[in-house]
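Heads up, the thing below is written out as structure tokens.
The values are calculated or read from the model by the stated rules, or taken from the named source; none is laboratory data. Bear in mind that the values here come from a model prediction, so they are computed numbers and not experimental data. With ideal geometry, Cβ positions are generated from the backbone for all residues, glycine too; neighbour counts draw on all protein chains shown.
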Amino acid sequence: MKTNREFKINSEYSALVDFVDENEMNNIIQLFRDATVNQTWAYNHLRSKKCSTLILKRNGAIAAAAILRLTTLPGLRIGVAYLGSGPLWRLKSEADNINSLHNILFVLRKEYVIDRELYMRISPNLYTNIPDYNEMVHVFSVNGFHSPRCEDRTLFLDLEQSESDIRKGFYLNWRRNLNRAEKTGFSIHIGTDDYLFKTFKEIYKEMVTLKNYQCAIDINETERIQSSLPEELKYTVIICDLENRPMSGGVFSTIGDTGVYFLGATNSSGRENFSSFIVHWEMIKWMKKQGLRQYDLGGCSPEKVPETYYFKAGILGKNPPVYQRIGIMDLCENPLSKIAFNTGIHIQKHSSLLKKIIKK
């Protein structure tokens, strides 16, 4: 496989493949408005034995970036390249340049699909609330990436409103519950240190046991990621406690211009005291102070998880707009890699089913 190389795409763009180390990549992703923890070095290297980086430059300046997780068969040109929540191309320093998206997709296809003959899967961090969304879908299409309709949806809160306007916009029952919670005398702790994460971890484990969640996030893996991240890229953690007893908390990605809700947990005492309402309100205020532009409430499904949906929707008022994700993009030109990918998916599905049967 070709690595550590630079090549020109045209007179304006060039690409660097596997040129940057961890420190460089950590600095690079902070240039982008669409950055999340999912595109950090630690997140990907703790989830995969092999990763690859791609940096796109325009006239010598960084224009787009991606880190991919690779799974390959030793000695064979067969395998999978996965890019989650990327590529990054929406720079903080300038308006969106659709040519940067087009060129990094061109290089991704050339490097991983054609040259390395891998099955490529991309899960872009793009929703229908973004201006020129249809043009972006077209750019993926002309580069060979196609996707079935995606069912992932989320809600966005505009953080450029004033605090008072945001609070006025809460659905009536949501605001009432927040008012009740504020009279309780909770204490709030926000930061990135390990102690806060460990506190959240205990609340989360208690909630998972209480509700018997079958598909809970691996909180131990998330803790390892948090410990490996540099300070400026760590998850932001909020803990709400009452008389030094933790009640609820949340874990958020706050790297780019969007705060992303990753995990939340409330124990039985916290539910009785409406502490989760305090967590979201205090986090909204914190995000505003950090200059974040919007709050992605982390997915919603009124059909599958109605209780969670109505809680999140209450932050935006009655019947808020729901935005759809662009969907997973697949591309493969090597039949053997396609067979390997489909076989892996088949095994994974049956393994999940077997685990459910065993638990029952």
Set 130, 104, 114: member being among the β-branched types (Val, Ile, Thr) and either more than 24 Å from the chain's Cα centre (by Cα) or not assigned by TED's automatic domain parsing to the domain that holds residue 341 (or both): 114
The range 144-154, residues that are under 18 Å from the mean Cα position of the chain (by Cα) and assigned to a loop (DSSP other than H, G, I, E, B): 150, 151, 152
Which numbered condition residue 157 fails, given (1) part of a strand (DSSP E or B); (2) under 19 Å from residue 55 (Cα atoms): (2)
Pick from the range 155-186, criterion within 29 Å of the chain's Cα centre (by Cα), of a type in the set (Ser, Thr, Tyr) and within 27 Å of residue 272 (Cα to Cα), ranking: surrounded by the most Cβ atoms within 10 Å (Cβ to Cβ): 171
Close pairs (8 angstrom Cβ cut-off, 6 or more residues apart or separate chains): in the same structural domain as residue 230 (by TED's automatic domain parsing) and of a type in the set (S, T, N, Q) in the range 181-196, loosely packed, with under 15 Cβ neighbours inside 10 Å and outside any loop (DSSP other than H, G, I, E, B) anywhere: 192/231
Unmet criterion (only one of (1) under 16 Å from residue 125 (Cβ atoms); (2) touching a residue at least 40 places away in the same chain (Cβ under 8 Å)) for residue 72: (1)
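Please pick out the residue among 123, 100 that is at pLDDT below 95, surrounded by 14 or more Cβ atoms within 10 Å (Cβ to Cβ) and closer than 25 Å to residue 259 by Cβ.
Values: 100 fails: at pLDDT below 95.
The unique qualifying residue is 123.
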Residue in the range 134-152 that is closer than 17 Å to residue 320 by Cβ and either at pLDDT below 95 or hydroxyl-bearing (Ser, Thr, Tyr) (or both) present: yes
Selection within the range 246-290 - surrounded by fewer than 18 Cβ atoms within 10 Å (Cβ to Cβ) and at pLDDT below 95: 268, 269, 271, 272
Residue within the range 273-284 that is more than 20 Å from the chain's Cα centre (by Cα), outside any helix (DSSP H, G or I), closer than 23 Å to residue 184 by Cα and among the aliphatic types (A, V, I, L, M) present: no
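Determine whether the range 174-184 contains at least one residue that is assigned to a loop (DSSP other than H, G, I, E, B) and touching a Ser or Thr at 6+ places or on another chain (Cβ under 7 Å). Before you say what the answer is, go through the steps one by one.
So in the range 174-184, the residues assigned to a loop (DSSP other than H, G, I, E, B) come out as 183-184.
With touching a Ser or Thr at 6+ places or on another chain (Cβ under 7 Å) added as a condition, the list becomes none.
No, the range 174-184 contains no residue that is assigned to a loop (DSSP other than H, G, I, E, B) and touching a Ser or Thr at 6+ places or on another chain (Cβ under 7 Å).
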Criterion violated by residue 315 - all others in (1) assigned by TED's automatic domain parsing to the domain that holds residue 78; (2) at pLDDT 90 or above satisfied: (1)
Subset of the range 122-139 [in a strand (DSSP E or B) and in contact with a Leu (Cβ under 6 Å, 6 or more places away or on another chain)]: 122
Enumeration of residues in the range 187-226 that are outside any helix (DSSP H, G or I), among the aliphatic types (A, V, I, L, M) and closer than 21 Å to residue 308 by Cβ: 216, 217
Total residues in the range 51-79, condition in a strand (DSSP E or B) and more than 20 Å from the chain's Cα centre (by Cα): 9
